[in-house]
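The values are calculated or read from the model by the stated rules, or taken from the named source; none is laboratory data. Please read these numbers as outputs of a predicted model, since none were measured by experiment. Positions of Cβ are backbone-derived with ideal geometry, glycine not excepted, and every protein chain shown enters the neighbour counts.
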Amino acid sequence: MAQQRRAVNAPMLFAGLLALALSLSVTVLAFYGLIGFESAGLDTSLLSDGYFHAVVWFSIKQAALSAGLALLLAWPVARALYYSPRLWGRQGFLSLCVLSFVMPTLILITGLVALLGRQGMISPWLGPDWNLYGLPGILIAHVYLNLPFAVRVQLLQMQHIPDSSWKLAAQLKLGHWQRLRLIEWPALRAGMLQLFGFVFVLCFNSFAVVLALGGGPRATTLEVAIYQALKYDFNIPEALTLAWTQLLIAGGLFVLLNRMGGNQWLGVDSTRQRWTPRPGAVMQQVHRIVYGMAALTLLLPLLALLPGVLQVDLARFDWFAIARPALITLIIATLAGSGALVLAYAMLLPLRFAHIRGRSALALLLDWLSTHALVAPAMVVSVGLYILLLPRLDLDHWGILFVILLNLVLIVPYAVQQLRPRLLQFDHQYDRLVRSLKLGLRARLRIEWPYMRRACVTSFALILLLAMGDVAIFSIFGSSDWTTLPWLIYSYASTYRMGESSVASLLLLLICALVVWLFEHVEKGARDA
Amino acid sequence: MKTVLALCSTLALVISHASQAADLRVYTYDSFVSEWGPGPQLEQAFEARCGCDLEYVAVEDGVSILNRLRIEGDNNKADVILGIDDGLSVDTRATGLIEPHGLETGPLRQELDWQDDSFVPFDFGYFAFIYDSSKIQQPATSLRQLIDSDASVIYQDPRTSTPGQGLMMWVKAVYGDDAPAAWKQLSSHTVTVTKGWWEAYSLFLSGDADYVLSYNTSPAYHVVAEDKTQYRAALFSEGHVAQIELAAITRTSQNKALGRDFLQFLVSPQAQAIIPVTNWMLPVIDGVALPPVFDDLIQPARIGFSAEEAGTSRQQWLREWRSSAAQ
């Protein structure tokens, strides 16, 4: 039996470790590149600098508030979506959620300012003391970016509440509060902590939005300091010190929350939900209102983009100039996205084995390793690799491949985050059966696929969009021969062409929307068939 | 899967096709070579003149050109670097990779007072606050007046942007040791401080501030490209700080004579007529035929510091800004 089990696991385990090694080696090589350049050490004098303390404290504060608010506000929306499967435009709303999550900074800032700025459309109703700039602006932007994501994750978790739990609750005549406490919350709890950690890290790394809406140097995050150190001062010891600080804080928090969250226990689950409790008439109305408000909030900054677009003479607009970058963006994102999905799937194999054998410390380590690219500062990773490769390789010609590779590595954690709960649940339910049937790899995958299809498709759409929105990596490795659409947007904006930039932004969003819609449509079609 | 493979191979094919050595390689920044920037026109004009092949290698911005030189050292592939600004000239020279240009700088405009033997200026502009004249009838006439007013202002972060560093020097030049108090005063009516130029400028265009820090040439763009005349630059009596964009030949170049020709071409009337209307900066020589709006731009007196002075005090000034503007 033991022999048999090893025979099945060995190649999969090997593939998983290989995937982990690949992702890890990019980070390690990047740090090696930085440390190796003029053999840079650490700048420890920074640690006793008051400015540094203020920056770290502000980064933590704004990230914690943003993540907390996003999760809290997402909850009623997720509940509304869960309890009312027949809300008008529900599918479209869910697509919009993915879109908001990957919104380019330019669109978000312009949109929010058009709504809530000094001349904003909504501002007159907010009283004379309203000021977007400062902590409110940062929080609004971060909630806008992350609430939709949180809604989707929470909804997915609630959808995994087994029918039997609800039937039991109905038999026991549990009240509203009891159901919330005994059924809904346990389903969300573990995921909530992980989600908090995830959103926290995203906000912790936020930069351009924080500066633009923060109102001044009070609002400085660690990422600003890293950017300054690496780019303007080219002070590698300082950048390294900052990068380690960020790794320690964000990475430490990640481990802590994952430990506290423990393993998710969701019980036996079928792939399709058949039975949802129907709330009372009043609650249904509340859900509808919550849903309507959420949809409006997500839509408004997009609509606020339109006046800018209409100013451009669309007949004279050079559509061809946009078509090529759009195509390149799609190709790069498709390559990075499919690679990342395969890598994430493989990477999760060792983690699953660790869970099956009940080795929780090992599982925690593997978990951290598979999502570490999220907490390693992207700027440090790209610049480190750039420093390492530039003297050794013709990056002017091969840079585009590194745009793909780095995008791939950096989106892996998002795929891992989406696939992990589902895979662990699969193992929990079927692993014994699969093993006792002595199924081979092929047969195993055939059973897994229907169970995983939905998670795979949705996470692919998400990572595809993330890769489509990249400018940070392109700014370092990209070249003008391969201009992508987001890069074009910034090129327009940085040369006075704000109108063209708006048109290109809108086009990027439309393409993203189309991609999401297509995926969800296809997936739904396959599910219904 | 097949499509992915096909895409990969196409990609590889195009990449390998692109790698052919040029006669003159120029490191520059991205927006310079964009389709609407000066790059393509200059390339065409210079190639017609020299019968050679010029190739741009574009990085994100001016600072990235310097950083790339630092990383590559003697192994750099540049014959000419183009787009370092005067604030970076000291650090760039310190890499030891710059060759004296050996050109006559006599024809350059008087106000530049250019004597540097390593770098040749190809365009310049004055930092200036832009306002919408349909909203503000009586703009501030001095930096002190603006800082003492309650007009809302957006500017760029000196830690992450060139205009931000320009304002830092401007305030230092006007206020000297009183700069911290000035920053504190300014922060009371600062709307926000952005990472880069475009965030600030687009916030201003959506009406979120009375003034935005930009260049004295900004109004020219709105007139020439958009036919909008309401955007003006405020002329300040204390004078303005200039940003001068520079080009230089590398010590490691195998083709220094051609590099010198290119620098010479950059300051020729032909190139100088192209740059202002594509890069939206001022020409470095007199007598260039430009759209009439360039004559209407403000012509401030030039103040500021030498590149050496700025280089040694920059960190100190940044700290000063950081602690006073955060109040």
Restricting attention to region A:69-106, report how many residues are free of Cβ contacts under 8 Å to residues at least 24 places away in the same chain and within 18 Å of the chain's Cα centre (by Cα). 1
For the subset of region A:463-486 comprising residues that are part of a helix (DSSP H, G or I) and either touching a strand residue (DSSP E or B) at 6+ places or on another chain (Cβ under 6 Å) or facing chain B (nearest Cβ under 8 Å) (or both), which member is nearest to B:ALA200 (Cα to Cα)? A:SER475
Selection within region B:85-104 - within 14 Å of chain A (Cβ to nearest Cβ) and closer than 17 Å to B:ARG314 by Cα: B:ASP85, B:GLY87, B:LEU88, B:VAL90, B:ASP91, B:THR92, B:ALA94
Which ones in region A:494-529 are more than 9 Å from chain B (Cβ to nearest Cβ) and part of a loop (DSSP other than H, G, I, E, B)? A:ALA529
What residue, among those in region B:208-228 that are in contact (Cβ under 8 Å) with a residue 24 or more places away in the chain and either facing chain A (nearest Cβ under 8 Å) or in a loop (DSSP other than H, G, I, E, B) (or both), is surrounded by the most Cβ atoms within 10 Å (Cβ to Cβ)? B:ALA209
Return the total of residues in region B:168-186 being closer than 18 Å to B:ALA128 by Cα and within 13 Å of chain A (Cβ to nearest Cβ). 3
Of all residues in region A:369-403, how many are in a loop (DSSP other than H, G, I, E, B) and more than 24 Å from the chain's Cα centre (by Cα)? 5
Could you list, in sequence order, the residues of region A:162-178 that are exposed (fewer than 12 other Cβ atoms within 10 Å of the Cβ) and part of a helix (DSSP H, G or I)? A:GLN171, A:HIS176, A:TRP177
Pick from region B:188-207, criterion of a type in the set (Ser, Thr, Tyr) and assigned to a helix (DSSP H, G or I), ranking: nearest to the other protein chains (Cβ to nearest Cβ): B:SER202
Could you run through region B:139-166 and say how many residues are within 13 Å of chain A (Cβ to nearest Cβ) and assigned to a helix (DSSP H, G or I)? 4
Examine region B:257-279 for a residue that is surrounded by fewer than 18 Cβ atoms within 10 Å (Cβ to Cβ), free of Cβ contacts under 8 Å to residues at least 12 places away in the same chain, assigned by TED's automatic domain parsing to the domain that holds B:ARG70 and more than 22 Å from the chain's Cα centre (by Cα), and state whether such a residue exists. yes
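Name the one entry in A:ARG316, A:ARG324, A:ARG288 that is at pLDDT 90 or above, outside the structural domain of A:ARG90 (by TED's automatic domain parsing) and of a type in the set (Lys, Arg).
A:ARG324
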If I ask for residues that are polar (S, T, N, Q) and in a helix (DSSP H, G or I), which ones from region A:55-95 would you list? A:SER59, A:GLN62, A:SER66, A:GLN91, A:SER95
Region A:205-234, subset more than 10 Å from chain B (Cβ to nearest Cβ) and assigned to a loop (DSSP other than H, G, I, E, B), residue modelled with the highest pLDDT: A:THR221
The listed residue being without any contact (Cβ under 8 Å) to a residue 40 or more places away in the chain and touching a Leu at 6+ places or on another chain (Cβ under 9 Å), out of B:TYR175, B:TYR155: B:TYR175
First in region A:50-61 and within 13 Å of chain B (Cβ to nearest Cβ), second anywhere and assigned to a helix (DSSP H, G or I) and of a type in the set (Ser, Thr, Tyr), Cβ under 8 Å, 6 or more apart: A:TYR51/B:SER323
Looking only at residues in region A:107-129 that are part of a helix (DSSP H, G or I) and without any contact (Cβ under 8 Å) to a residue 24 or more places away in the chain, which one is nearest to the other protein chains (Cβ to nearest Cβ)? A:VAL113
Subset of region A:329-381, residues hydroxyl-bearing (Ser, Thr, Tyr) and surrounded by 24 or more Cβ atoms within 10 Å (Cβ to Cβ), comes to A:THR329, A:SER370, A:THR371
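Yes or no, residue by residue, for (1) out of contact with any Ser or Thr (no Cβ under 9 Å at 6 or more places or on another chain); (2) buried (at least 16 other Cβ atoms within 10 Å of the Cβ):
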{"position": "B:CYS52", "(1), (2)": "yes, no"}
{"position": "B:VAL63", "(1), (2)": "no, yes"}
{"position": "B:ASN76", "(1), (2)": "no, yes"}
{"position": "B:VAL80", "(1), (2)": "no, yes"}
{"position": "B:ILE84", "(1), (2)": "no, yes"}
{"position": "B:VAL90", "(1), (2)": "no, yes"}
{"position": "B:ILE98", "(1), (2)": "no, yes"}
{"position": "B:THR105", "(1), (2)": "yes, yes"}
{"position": "B:LEU108", "(1), (2)": "yes, yes"}
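The rows are residues; the columns are (1) at pLDDT 85 or above; (2) more than 21 Å from A:LEU81 (Cα to Cα).
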position: A:LEU132; (1), (2): yes, yes
position: A:GLY137; (1), (2): yes, yes
position: A:ALA141; (1), (2): yes, yes
position: A:ASN146; (1), (2): yes, no
position: A:HIS160; (1), (2): no, no
position: A:ALA170; (1), (2): no, no
position: A:ARG179; (1), (2): no, no
position: A:GLY191; (1), (2): no, no
position: A:GLY197; (1), (2): yes, yes
Given the residues A:SER459, A:SER491, which is the only one that is of a type in the set (S, T, N, Q), assigned to a helix (DSSP H, G or I) and either closer than 28 Å to A:LEU389 by Cβ or within 14 Å of chain B (Cβ to nearest Cβ) (or both)? A:SER491
Do you know which residues across region A:305-328 are surrounded by 16 or more Cβ atoms within 10 Å (Cβ to Cβ) and part of a helix (DSSP H, G or I)? A:GLY308, A:VAL309, A:ALA321, A:ILE322, A:PRO325, A:ALA326, A:ILE328
Across region B:127-150, the tally of residues that are touching a residue at least 40 places away in the same chain (Cβ under 8 Å) and surrounded by 18 or more Cβ atoms within 10 Å (Cβ to Cβ) stands at 10
Conditions (1) more than 30 Å from A:ALA19 (Cβ to Cβ); (2) away from chain B (no Cβ under 12 Å) -> A:ASP318 fails only (2)
